[in-house]
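Data first, discussion second: the structure below is written as C-alpha cells.
The values are calculated or read from the model by the stated rules, or taken from the named source; none is laboratory data. All figures in this text were calculated on a predicted structure; none of them were measured in a lab. Note that each Cβ is placed from the backbone with ideal geometry, even for glycine, and that neighbours are counted across all protein chains shown. Quick note on the areas: whole protein, heavy atoms, side chains included, nothing else; ligands and nucleic acids left out. Shrake-Rupley method; radii C 1.70, N 1.55, O 1.52, S 1.80 Å.
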Amino acid sequence: VAACRESRDIYAAAGDLHGEATALRTWADAVTLTDAPESIRLYQQAQKLYRRIGSEGGVAAVVNNLGLVYEAQGDLATAEKMHRQALASFRLIENKRNQADATGNIADERMEQGDLRGALRLYQEQMQLENQLQLADARNSAPSALPGYNIALIRQLQGDLASAKQGFEHSLAIWQKSSSQPFSAYAMWSLGSLRLQEADFSGAREMYDQALAL
C-alpha cells in the first residue's frame, strides 16, 4: 500500500494519468480483502482517470474488479451490473481472455441468485471462449477446467448426477495434471458430496479423505 501511494503521487506530479490510474487500481487490489469500502473508492477513482484518457481496457478491468468486491459483499445485483459492463467493454476491444473471465463472473452471480438455466448458458459460453483461446495458442493456453466444474455443479443441483459426476471427474483430471492442489481438493470434495447423495458412503468417505489430505 505504501508503495502504491508513493507511485500514485509520483505519477500525479508528472501528469501521467494512466500511471496514476494503474497505481490506484493496484492499491485497490491490495486492500480488497481487508477494507472493501476503501477498495471501492480507489477503484472508482481509477475508473474516472481511465475514462478521462479513453482507456476502454482500463475501465473494463476496474469495473470487473469492482464487481468482484460487490459480489464478496453480497450485493449480487450490483456485481452482475458491473460484470455485464465489463463484458461489453472486453468485447469492444476483442479481449477474449477477459471476456471469458467476465462471462464466468456473471454466471456465478446468476447461479447464486437461483437462475440455473441462465448460469448454465453463460458457463457454456465461457467454455467456448476458453476452447477458442486454447486453439489459438495451444502452447501457452492450458485447458480451463473451471467452466466444466461449474456446469457439473449445476447438473448436480438439477438432479442429473451422472452428468455431474462426469464433469467433476473431467475437471479433477485437468487440475491434477496441472498440479493445482486447491482446485483438485474442491473437485474431490464435490465428488464426495455427489457420492453421499447417491448413498455411496464408503466412496464419499474416500473422496472426503483425499480432499482433506490436500
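One quarter of the surface of the convex hull around the alpha-carbon atoms of the chain equals 13.6 nm², the direction-averaged projected area. Computed over the chain with a Gaussian network model linking Cα atoms closer than 10 Å, the most mobile of L161, L33, L17 is L33.
For the stretch 159-174, the residues whose backbone nitrogen is under 13 Å from a point 7 Å from the Cα of L116, taken along Cα to Cβ, are 159-164. Mind telling me which of D108, D160, D137 comes out most flexible in a GNM of the chain, alpha-carbon contacts under 10 Å? Highest fluctuation of the listed residues: D137. Calculate the translational D of the stretch 108-213 in whole µm² s⁻¹ from Stokes-Einstein, where the hydrodynamic radius comes from the Kirkwood formula applied to all Cα pairs, the temperature is 37 °C and the viscosity 0.692 mPa s. For these conditions, the coefficient is 229 µm²/s. Fully extending the segment from Q128 to A199 would add 22.1 nm, taking 0.36 nm per residue of separation and subtracting the current Cα-Cα distance. Derived value for the stretch 82-170: Kirkwood hydrodynamic radius 13.4 Å. Basis is the mean of 1/r over every pair of different alpha-carbon atoms.
Of the heavy-atom accessible surface of the stretch 105-214 (probe 1.4 angstrom), what whole percent is carbon and sulfur? Write out the running numbers ahead of the final one.
Values: 3270 of 6310 Å².
Carbon and sulfur: 52 percent of the exposed surface of the stretch 105-214.
The mean sequence separation of alpha-carbon pairs under 8 Å and at least six residues apart, normalised by the residue count of the stretch 39-119, gives a relative contact order of 23 percent.
A straight chain from V1 to A72 at 0.36 nm per residue would run longer than the Cα-Cα distance by 23.5 nm.
Taking GluC sites (Glu not before Pro) as exposed when DSSP calls them loop and at most 16 other C-beta atoms lie within 10 angstrom, the chain has its longest site-free stretch at 95-197.
Between the alpha-carbon centres of the stretch 1-54 and the stretch 112-129 there is a gap of 32 Å. Based on Cα contacts under 8 Å between residues 6+ apart, the chain shows a relative contact order of 9 percent. Result for the chain in a Gaussian network model with C-alpha springs under 10 Å: among S184, S144, S202, the largest mean-square fluctuation is at S202.
About its Cα centre, the stretch 33-159 has a charge dipole of approximately 340 debye under the convention of +1 per Lys or Arg Cβ and -1 per Asp or Glu Cβ, with nothing else charged.
Take the stretch 48-128 with all the other protein chains still there, run a 1.4 Å probe, and you get 48 Å² of accessible area per residue. Between D209 and R91, the simple label model (points 7 Å from Cα in the Cβ direction) yields a spacing of 5.0 nm. Mean residue ellipticity at 222 nm, helices only, the chain: -27500 deg cm²/dmol; runs of at least 4 DSSP H residues each add -39,500 (n - 2.57), and the sum is divided by the number of residues.
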